[in-house]
Amino acid sequence: EEMYDTFVWITDTCLQDGKIRKVKAKIEDYDGTLLADTLNRYTPYTIGYQAFKSKKEALKCAEEQRMDSIEYFKKQLNELENLKFECDD
């Protein structure tokens, strides 16, 4: 098994435990896009999307995703609160 030297911070929604992990990865330039190819994962992560060079960047993205989720659910709840049921006579 090949070992990678570069560490990146990984955050993804499939973790479902609110944690950001530092994992070893091989960073590659693919047509101008930096990819973090991590061990034991089937797909690479684009730096700045799901993999980050620093913990600060990963935390910032995770917080933005959390706030977006809160806003989405608030909107859904508001629509439910305003829903009125009627019966046909």
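Couple of notes before you dig in:
- Among the listed pairs K24/K75; K53/K74; K26/K55; K26/K56; K55/K75; K19/K74, those beyond 27 Å (Cα-Cα): K24/K75; K53/K74; K55/K75
- Helical contribution to [θ] at 222 nm, DSSP H n ≥ 4, -39,500 (n - 2.57), averaged over the chain, rounded to 500: -11000 deg cm²/dmol
- Cβ-Cβ distance of R41 and S69, R₀ of 22 Å, FRET efficiency by 1/(1 + (r/R0)^6): the value works out to about 0.40.
- Under 5 Å from the amide H of G48 lie the amide H atoms of K53, each residue being 5 or more positions distant or on a separate chain, with H modelled from the backbone and absent for Pro and chain starts.
- Folded to 0 to 90 degrees: helix 55-81 orientation relative to the chain principal axis, Cα: 10 degrees
- For D17 and F85, a Förster radius of 35 Å and the Cβ-Cβ distance give a FRET efficiency of 0.40, rounded to the nearest 0.05.
- Across all Cα atoms of the chain, the radius of gyration (one decimal) and Dmax (whole number) stand at 19.3, 72 Å.
- In the chain, the DSSP beta bridges split such that about 95 percent are antiparallel, to the nearest 5.
- Relative contact order for the chain: 22 percent, from Cα pairs under 8 Å spaced at least 6 residues apart, divided by residue count.
FYI, it's all coordinate maths here, none of it is from the lab. In this text, all values refer to a predicted model and were calculated from it rather than measured experimentally. Because the Cβ atoms are built from the backbone with ideal geometry, glycine has one as well, and the counts that use them run over all protein chains shown.
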